[in-house]
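The values are calculated or read from the model by the stated rules, or taken from the named source; none is laboratory data. Just so you know, these numbers come straight off a predicted model, no measurement behind them. Reconstructed Cβ throughout: ideal geometry from the backbone, glycine too, with neighbour counts over all protein chains shown. Heavy atoms of the whole protein, side chains included, go into the accessibility calculation; ligands, DNA and RNA do not. Shrake-Rupley method; radii C 1.70, N 1.55, O 1.52, S 1.80 Å.
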Amino acid sequence: MLKKILKIALFLLGFFIFSYLLAFVFKDDTNSYSRVLKHEFYKQEKIDYLICGASHVSHGIDCRIADKEFGKIFFNSGTPAQQIDGTYALLKEALSRYKIQKVFLEMDMGIITSPPAFLRSDSTADYIVLDFLRNPKIKFEFLAKITTPSNWLNSLLPIGSDKLMNLSPIKFFSKLKSLVTGQYFKYEYKTADSSYAGKGCVLDDAKLQKGSLFATEFEETFSAEDICPQNIQNLDEIVEICKENGVELIFYSMPVTNFYLQIRQNYDDYINFMRKYAESHSCKYYDFNLCRESLLTLSDEDFSDDNHLNKTGIEKYTHAFCDFFTGKYTEKEFFYDSYKQKMSLTAPSVFGLVLIDDEAETGVKIIPLKNDFNEECISYDILAFYQNDWHLVAEKTSESSFLYPASGYGFFKIMCYVNGNLNCQLEKSYFAK
């Protein structure tokens, strides 16, 4: 009986080692900023101020600037789509290794309204955090949080779905080459349009074309009732562990495009929710979407997409972040009271368009995402591409609905004007029945 148990144990150990080797070889992480971030995190001599959250954090503070401005050591711990339970686990890991004085927790509305672990359709973000953790107790606690009966084996094994496995021969030989040459162990991150500033900050060179954002439907409006109890519980745990360790906790939100905020329609409701939550836990919440334009001005061109800053945006934002938190300005001097107030004092602008096909799929309705002004000030030029040429459909029209000029596939171009000034210009494919 003992021999049988020993054989089973040896088999399981051998299988796990073999799985680990397979995972190491086929994991697509040769050029991964999360892997570089992990390596850097455990090499730090000290961390004074830790910035926590998801990908907004990795596209937020340039620590090279912040370290100088504060005279403190900053570190960004943001990983792609990191959920609040993952943030709590990473924070516990950090507190077990470093004497952290202050934690800045970025509160992305999309993250706090995400479903709990047992309802997530993709666990990649969770497994990135799991791989990051080294403390066995913290790792096991997090594993227990994110694992359900249906995926416990996938979670335990090094290989599996949502674990960045890539069986492409090209990827395999590329990683093999990086291992043989030692490039893999240099822990560098660079792509065709991005670079790495160090300590968790990714600098994207890509930038949005001004006025090019559009969607085909509105996003769901924010409701505190839609936040799952598990996310609130995880937030409460973050508050508690900071208090236990004598760490000051500050909640904040990164600046995003006005398009991103307008398409959700009731952003002030989210601001009010976060202010109340923070106040109820003796903390403060600051939303950098409320910055006064004289202190931080961002355009579409300062973003790589509708909610991530690019290289130029990060530099602008980092300086603004430092200016406020080093006490150069009071809260009243730096922020508007609400997003509604900010928009009421902003010049008439269209921040993007929502393009909704009619029921028959023969035309489209244009809905401008704008601040508070009369829609009569808006006009459109509309061109369509079919029969191998562009055709003018409408010029300086105030009509917001139009029929596709030809059946089948085509493209249309919309130029949106406010008081005769071009605000938006975009192209979109269509299929008309």
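Could you tell me whether Leu392 is exposed (fewer than 15 other Cβ atoms within 10 Å of the Cβ), aliphatic (A, V, I, L, M) and under 29 Å from Gln341 (Cβ atoms)?
Considered against the rule, which asks whether it is exposed (fewer than 15 other Cβ atoms within 10 Å of the Cβ), aliphatic (A, V, I, L, M) and under 29 Å from Gln341 (Cβ atoms), Leu392 comes out as no.
Among Lys340, Lys332, Lys328, Lys396, which is assigned to a strand (DSSP E or B), over 24 Å from Lys207 (Cα atoms) and not acidic (Asp, Glu)?
Lys396
Say whether the condition of being touching a residue at least 60 places away in the same chain (Cβ under 8 Å), under 30 Å from Ile47 (Cβ atoms) and open to solvent by 50 Å² or more (accessible area, probe 1.4 Å) is met by at least one residue in segment 249-263.
no
Exactly one of these conditions fails for Glu301: (1) part of a helix (DSSP H, G or I); (2) surrounded by 21 or more Cβ atoms within 10 Å (Cβ to Cβ). Give me its number.
Answer for Glu301: the failing condition is (2).
If you go through segment 110-124 one residue at a time, do you hit one that is of a type in the set (D, E, K, R) and either in a helix (DSSP H, G or I) or surrounded by 19 or more Cβ atoms within 10 Å (Cβ to Cβ) (or both)?
no
Filter segment 350-366 down to residues that are open to solvent by less than 60 Å² (accessible area, probe 1.4 Å) and touching a Phe, Trp or Tyr at 6+ places or on another chain (Cβ under 8 Å), then give me how many there are.
9
More than 30 Å from Phe288 (Cα to Cα), surrounded by 13 or more Cβ atoms within 10 Å (Cβ to Cβ) and either without any contact (Cβ under 8 Å) to a residue 24 or more places away in the chain or not hydrophobic (A, V, I, L, M, F, W, C) (or both) - does that describe any residue in segment 164-172?
yes
Could you say which residue among Ser58, Ser96, Ser34 is open to solvent by 10 Å² or more (accessible area, probe 1.4 Å) and within 28 Å of Asp302 (Cβ to Cβ)? Spell out how you get there, then give the answer.
Numbers: Ser58 fails: open to solvent by 10 Å² or more (accessible area, probe 1.4 Å); Ser96 fails: within 28 Å of Asp302 (Cβ to Cβ).
Unique residue meeting the criteria: Ser34.
Under the condition of being among the aliphatic types (A, V, I, L, M) and open to solvent by less than 30 Å² (accessible area, probe 1.4 Å), which residue from segment 416-433 is farthest from Ala384 (Cα to Cα)?
Applying the first criterion (among the aliphatic types (A, V, I, L, M)) to segment 416-433 yields 418, 422, 426, 432.
Those left that are additionally open to solvent by less than 30 Å² (accessible area, probe 1.4 Å): 418, 426, 432.
Details: Val418: 21, Leu426: 12, Ala432: 12 Å.
Per the stated criteria, the residue is Val418.
Residues that are among the hydrophobic types (A, V, I, L, M, F, W, C) and at pLDDT below 90: list the helices (runs of 4 or more DSSP H) wholly contained in segment 135-222 that include at least 2 such residues.
Those helices (runs of 4 or more DSSP H) span 152-156, 169-181.
Pairs only if they're at least six apart or on different chains, beta carbon under 7 angstrom, first in segment 347-375 and closer than 21 Å to Lys210 by Cα, second basic (Lys, Arg) and surrounded by fewer than 16 Cβ atoms within 10 Å (Cβ to Cβ); list them, first residue then second.
Pairs found: Leu355/Lys428.
Select from segment 254-301 the residues that are in contact with a Phe, Trp or Tyr (Cβ under 6 Å, 6 or more places away or on another chain) and among the hydroxyl-bearing types (Ser, Thr, Tyr) and write down the one among them that is nearest to Ser349 (Cα to Cα).
The residue in question is Thr257.
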